[in-house]
1. Would it be correct to say that A:Val34 is in a strand (DSSP E or B), more than 10 Å from chain B (Cβ to nearest Cβ) and of a type in the set (A, V, I, L, M, F, W, C)?
2. If I ask for residues that are buried (at least 16 other Cβ atoms within 10 Å of the Cβ) and closer than 20 Å to A:Ala44 by Cβ, which ones from segment A:309-326 would you list?
3. So is A:Ala258 surrounded by fewer than 24 Cβ atoms within 10 Å (Cβ to Cβ) and under 12 Å from the mean Cα position of the chain (by Cα) or not?
4. List every residue pair whose Cβ atoms sit under 6 Å apart, with the two residues 6 or more apart in sequence or on different chains, where the first one lies in segment A:185-197 and is within 7 Å of chain B (Cβ to nearest Cβ) and the second, anywhere, is among the charged types (D, E, K, R) and in a loop (DSSP other than H, G, I, E, B).
5. Collect the residues in segment B:167-188 that are closer than 28 Å to B:Phe216 by Cα and in a loop (DSSP other than H, G, I, E, B), keeping them in residue-number order.
6. What are the pairs, 6+ residues apart or on separate chains, where a residue within segment B:325-347 that is touching a residue at least 60 places away in the same chain (Cβ under 8 Å) has its Cβ under 8 Å from a residue that is of a type in the set (Phe, Trp, Tyr) and buried (at least 18 other Cβ atoms within 10 Å of the Cβ)?
7. From B:Ser67, B:Ser87, grab the single residue that is within 14 Å of chain A (Cβ to nearest Cβ) and among the hydroxyl-bearing types (Ser, Thr, Tyr).
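The values are calculated or read from the model by the stated rules, or taken from the named source; none is laboratory data. In this text, all values refer to a predicted model and were calculated from it rather than measured experimentally. Every residue, glycine among them, receives a Cβ derived from its backbone with ideal geometry; neighbour counts consider all protein chains shown.
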2 protein chains.
Amino acid sequence: MSLSDSSGRPAAALAFVLRGEHVESSHSGSIAVVSEDGTLLWQAGDPERLTYLRSAAKPFQLNPFVSRGGALRYGFSPADLALAAASHGGEPSHTSRALSMLQKGGFSESDLHCGAHPPLFEAAAADLIRRGEAPTQLHNNCSGKHAAMLLGCQMLGFPATGYHEPDHPYQRIVIDFVSRATGTESSRLSLAVDGCSVPVFRMPLRNLALGYGRLFGSGTPRETESEALARAKIAAAMAAHPEMVAGTSRFTTRIMQAFEGKLLAKEGADGVYGVSVAPELAGHMTNGKALGIALKIEDGGERCRDLIVVSLLRLLGLVPERLISRVEELAPRDVRNVRGDRVGEMRPAIALQGPVPMAARQSPA
Amino acid sequence: MSLSDSSGRPAAALAFVLRGEHVESSHSGSIAVVSEDGTLLWQAGDPERLTYLRSAAKPFQLNPFVSRGGALRYGFSPADLALAAASHGGEPSHTSRALSMLQKGGFSESDLHCGAHPPLFEAAAADLIRRGEAPTQLHNNCSGKHAAMLLGCQMLGFPATGYHEPDHPYQRIVIDFVSRATGTESSRLSLAVDGCSVPVFRMPLRNLALGYGRLFGSGTPRETESEALARAKIAAAMAAHPEMVAGTSRFTTRIMQAFEGKLLAKEGADGVYGVSVAPELAGHMTNGKALGIALKIEDGGERCRDLIVVSLLRLLGLVPERLISRVEELAPRDVRNVRGDRVGEMRPAIALQGPVPMAARQSPA
């Protein structure tokens, strides 16, 4: 790596993929574990790595819509809010909800600018093929986010046209909020274009972790009262409706279900992951505060991502005893051949550095 | 990485994925460029990296069938031979040919042990879904290889049952040949199970490169005359039928078509690639011998693989002037959003080390 404006620490090994007894491939990356007050508690690789948040930014991108009264004005249910913070699977339950959200403002599918891609949930994608139907923009995993952005523009009197452009007044409000929510100085924040055409945020990984810590936190500097209420409302909606945040069979949905409201999780494309842990679970590490975790897998590959997240939560002592086996099952380690026989294993290899050395690395054979 | 029995050199940066002006992700790995006489000419990362060849072994795995007379006995056409060395797309032209190969020995689809997976070629996979049909073992990208193995067992009087097992007499013959063809000492060769259930070979990357160099070469130590004839016959079949070696829209097929018989290419799963370059193109680097190239992308991800191969061929001066634009077009650099707009770029970053330093690295922004 040569990320000239990061700290320059190299990525660290995070997981190995073994075939038989030997390593076939490996994945490296960076991790930041941050208390909601901004204290960097644990790290691996480069916690300052300048990272495009991708869809891990969605809980923050949604705040301006809620804080300015959009959820009340348009009668959003918690499930609607969860879908507006989602990378959903394009299942019928997601697309019908996204459409109903658009219709609350008189919008239709064609007002979206996210583009159409096949549903992330394979069975939904196959259903479309069977019916001879092309995917629509409602199937885009970001359609809920875009629906809220369109309604937000309408509510604030901004034009819907060009709502995705970085200089559109609605996106300026979103950019300002994301910057504050993650505590990112403007000199450390830059923008590019996300897969769904809206601005994507690049910032140090520890700032993404801080934003996640604050999701379940008690307060954020420079946050208004309505923003704080919106933050709590979004967190509660995600916790109550994990099936809307991702979907059937998806790790993000299942790990939130397992933690029963004490943990929020959100993936971003290209190997990004954000986790917010409630004070009730994390307080022993944080003096009673919420905790945020951010992960970037250097190569953007996701086959070991869930295993890395589970391994990290366990290393940090955040998985209650009664949940350990259920949580481990969410990230299967087996590498299987086409016939389904076990031919190898994914093995986590996270070596956290922090206030006390935590030598938890599992070395490969 | 901690591959305890490799040289211990770290993987090197091979490509960056930029979004906007900045690096989003990166891919590292290792490269070995070897003359057919075994001279290591150029390297990146760790040319000794112990690497599972995966399907890059197929041209070698096929040799025993041909050298023992199987191609003549069963009337294999060059296209049949190419399919037996292929990771094909599961297109109708592939599955019908694999079935006809099986039938030459009275075998059927159910004799295969490769397992069934959806066709690699997306349009063929969608066609199956539309017709409500499940994929069969003929659609497995390895079905041609397995057909030749079954026929080889029949020809040599071995049982077809268990033909995929590492201690089956046919696999022992294959293992012996792959070891010799790549010049791999037994202490440096190990086996595991491939995705298609047959033995997979693990060896230093430079030995894979050597095997590829010898594909177009004039002779291999400890090779019998019939093995040499078989080697030439397999190479000629792959060169003549690139559409059988991979398939529609596939890089491997298209780059072989572009080089009009002077270059063989074969992918293996998990970021492996092998290339054989005829003396006519490579002779200026090799004193008139053939050249072999082997690549392993450390994370197994393949989004930058084609670009890395093209960049490497150009760095080595192996792309004739008249082919440069055609070859560059085979590995598009653009990163696009769902709507198809250009939002970033893949950028090769190969720094070859060799007899003369070749500083060809393109650093990211």
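1. Spelling it out, A:Val34 is indeed in a strand (DSSP E or B), more than 10 Å from chain B (Cβ to nearest Cβ) and of a type in the set (A, V, I, L, M, F, W, C).
2. A:Val309, A:Val310, A:Ser311, A:Leu312, A:Leu313, A:Arg314, A:Leu315, A:Leu316, A:Leu318, A:Val319, listed by residue number.
3. No: the conditions fail for A:Ala258.
4. Taking only residues 6 or more apart or on different chains, the pairs are A:Ser197/B:Arg339.
5. B:Thr182, B:Gly183, B:Thr184, B:Glu185
6. B:Leu330/B:Phe251; B:Ala331/B:Phe251; B:Met346/B:Phe16; B:Arg347/B:Phe16
7. Working: B:Ser67 fails: within 14 Å of chain A (Cβ to nearest Cβ).
The match here is B:Ser87.
Yes/no per residue for (1) closer than 21 Å to B:Leu312 by Cβ; (2) free of Cβ contacts under 8 Å to residues at least 24 places away in the same chain:
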{"site": "B:Met203", "(1), (2)": "yes, no"}
{"site": "B:Ala209", "(1), (2)": "yes, no"}
{"site": "B:Gly219", "(1), (2)": "no, yes"}
{"site": "B:Arg231", "(1), (2)": "no, no"}
{"site": "B:Leu264", "(1), (2)": "yes, no"}
{"site": "B:Gly271", "(1), (2)": "yes, no"}
{"site": "B:Val275", "(1), (2)": "yes, no"}
{"site": "B:Gly283", "(1), (2)": "yes, yes"}
{"site": "B:Thr286", "(1), (2)": "yes, no"}
